[in-house]
Amino acid sequence: MDTETIEHTDIVVIGAGFSGMYAIWRLRGDHGIVCFEAGDGVGGTWYWNRYPGARVDIQSVEYSYGFDEDLQQEWHWPEHFSAQPDLERYANHVADRFGLREAIRFSNPVQAMRFDAETNRWHVHTAKGDHVVCRYVIAATGALFVPNTPPWPGRETFRGDIYHTAQWPREGVDFTGKRVGFIGTGSTGIQATPLIAEQAAHLTVFQRTPAFVMPSGNTVLDPAFEQDWKANYAPRRQQLLETFGVSMIEYPALSVHQCTPEQRKEILEKAWASKSAFQMQVAFTDVMTDMAANTVVSEFVCSKIRETVHDPVTAELLCPKTYPIGGKRLCIGNGYFEMYNRDNVSLVDVKTDPIVAFTATGLRTTAADYALDAIVTATGFDAMTGSLNRIDITGLNQRKLADKWADGPTTYLSAMVAGFPNLFMIHGPMGPGAQAQMITSGEWQVNWTARVIADMEQSGFSRIDTTETAERWWAAEVDMAADTTVHKLADSWYNAKNIAGKKGGFMIYVGGFPRYTALCDRAITDWYRGFIRS
Ligand code: NAP
């Protein structure tokens, strides 16, 4: 006999990261809400990524919630760029202050979801056996959640410990006296390695592609700066939404070709010292659109690397030469290049000599064996599609989302997928995430979703879907935006090329947040263009 208890609610939110928590707060007034969270705490990205050095690289006065004036006035960020413990503390504070935990079921990931076309309800099933029937699902599942673990053989034979930075032990790891191998030099690797180098007996960094890394210049938060933001928070939050990347950076007036060599140097030095990696991307009007301009900026960064790193062979290996600056996401580091001047740090180029296996005593590349006591993988994520693809999602006509996305994701406005009605995504594939400050842009997307749901209810509709025509239109818009930039010239998680065999086109909308929001708003005001409501 089936003894399963079936619960009914209005909305299921998947994920208690920053967007999921805001979705609970924003929608709970008029709706029953249940939120399922895989972890045993709130914070999403900032719950999982607790590796040494984990720190946001957007200034915290921006990278924070704007929905509650008292919260933003009362909260104090100790540093300009907050470290993971402060971000997790903030997430917990918000959860407690606004009573969000009541709606959240922790350590209980969603495993399967099925849309019942007769009743227009989703049936949501979780790891702990919950079965919740709801009208809408909001997937706030995170663009970077499922760790990428390259399938090197021999993992089980290694006698030491292997870590992934996105699944870091809560109690931390003591590398004192150990020979540590570190794989990956993206945003995560460049943050973690300098701190591990301070502890380890020896750190060997295995680099496949060097990164463009700007110095962070992180400081304690200047009280006058904080006061200025607090006095102007409401207009600043609005201004953020009107900027390309939902972040206050200075937009340039000049093309590189309009500048003398002295002017170029002056502008680039200012961008380098600006505390924002993204300033480098917009140092001139044409950095992201013209390879000649891009090369000027890339060479400037390489000159900084050569000035910093004493060993010329190591310095050359650290200089990115195969892709344009800004093509992959830029990184902000704290003493990353300086680290290579330490006696206990060495760099191995695994582009020319790839890693082939774990061994009992370390790592094997095609040319050598490396003796190690611990291995850290900072090898990134099955980004954008990974979180949803690992839930067994069945839409209309028994179609599985993973099958529909087998050759890459399709979405309309990154918010919905045709054939999967009443399922909304926040920071979904083909959205502006990663090129837009995630907390503020997430709040905007949740507000847009809340507006769509409120309209459904006022108009007496019970199903909203999008169409394949609308998905094709959005794919063309996403491609057109990317085609005008240098992004496509780099292999990264933006275009699914970070994982061997993963399929998919360009997965980030790089047309700017104001254009994105205008298109989302226009879809609503044009009588739900691209949607079908019934
Ligand atoms: P990532 O940018 O995808 O970097 C992964 C690294 O692992 C790359 O260096 C990659 O080399 C390497 N790698 C992957 N597979 C490999 C293999 N088979 N052999 C050797 N090397 C391999 O991942 P991430 O550093 O975790 O960052 C992901 C994103 O998270 C960032 O782009 C950013 O959006 C976000 N993030 C932000 C912050 C922050 O705000 N401060 C911090 C961390 C992360 P290739 O480059 O050759 O693929």
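The values are calculated or read from the model by the stated rules, or taken from the named source; none is laboratory data. Owing to the predicted nature of the structure, the values given are computational and were not obtained by experimental measurement. Cβ sites come from the backbone with ideal geometry, for glycine too, and all protein chains shown count toward neighbours. Protein only, heavy atoms only, side chains kept; ligands, DNA and RNA dropped before computing areas. Shrake-Rupley method; radii C 1.70, N 1.55, O 1.52, S 1.80 Å.
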Please list, in chain and number order, the residues 5+ apart from Ser492 or on another chain whose amide H is under 5 Å from its amide H, with Hs placed from the backbone. Lys497, Asn498
From the phi angles alone, apply the Karplus equation (6.51, -1.76, 1.60; θ = phi - 60°) to region 435-442 and give each ³J(HN,Hα) in whole Hz, x where the residue is Gly or Pro. 10, 9, 4, 6, 6, 5, 5, x
Over the heavy atoms of His8, what accessible area does a 1.4 Å probe trace out, to the nearest 10 Å²? 140
If you fit an axis through the alpha-carbon atoms of helix 468-483 and take the longest principal axis of the Cα set of the chain, what angle between them do you get, 0 to 90°, nearest 10? 20
Size of charge dipole - region 377-494 - debye, nearest 20, with Cβ of Lys, Arg +1 and Asp, Glu -1, no other charges: 180
In region 1-92, which GluC sites (Glu not before Pro) are in a loop and have at most 11 other Cβ atoms within 10 Å, using DSSP for the loop call? Glu4
Using label points projected 7 Å from each Cα along Cα→Cβ, tell me how many nm separate Glu468 and Ala201, to one decimal. 6.1
Based on alpha-carbon atoms only, what is the radius of gyration of region 463-533 relative to the globular estimate 2.2 N^0.38 Å? 1.28
Where nothing but the Cβ of Lys and Arg (+1) and of Asp and Glu (-1) is charged, how large is the charge dipole of the chain around its Cα centre, in debye to the nearest 20? 860
Estimated inter-spin distance, Ser534 and Asn344, nm [label 7 Å along Cα→Cβ]: 6.6
With charges set only on the Cβ (+1 for Lys and Arg, -1 for Asp and Glu), what does the dipole of region 449-518 come to about its Cα centre, in debye to the nearest 20? 260
Take the Cβ-Cβ distance between Thr9 and Val356 as r, set R0 to 45 Å, and report the resulting FRET efficiency rounded to the nearest 0.05. 0.35
Please go through the residue pairs Lys265/Lys502; Lys275/Lys502; Lys275/Lys488; Lys351/Lys400; Lys328/Lys400 and name each one whose alpha carbons sit more than 29 Å apart in this structure. Lys265/Lys502; Lys275/Lys502; Lys351/Lys400; Lys328/Lys400
In region 129-199, the trypsin sites (Lys or Arg not before Pro) that sit in a DSSP loop and have at most 13 other Cβ atoms within 10 Å of their own Cβ are Arg159, Arg170
Relative to the longest principal axis of the chain, what angle (0 to 90°, nearest 10) does the C-alpha long axis of helix 513-525 take? 10
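Taking a temperature of 20 °C and a viscosity of 1.002 mPa s, what whole-number D in µm²/s does Stokes-Einstein yield for the chain with Rh from Kirkwood over alpha carbon pairs?
88
With a 1.4 Å probe and all protein chains left in place, how much accessible area per residue does region 1-105 have, in Å²?
Accessible area per residue, region 1-105: 38 Å².
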The set of cysteines in the chain having no other cysteine's C-beta under 4.7 Å reads Cys35, Cys134, Cys259, Cys331, Cys520
Considering the dipole of region 192-263 built from charges on the beta carbon (Lys and Arg +1, Asp and Glu -1) around the Cα centre, which of Ala200, Trp229, Gln258 is farthest to its positive end? Ala200
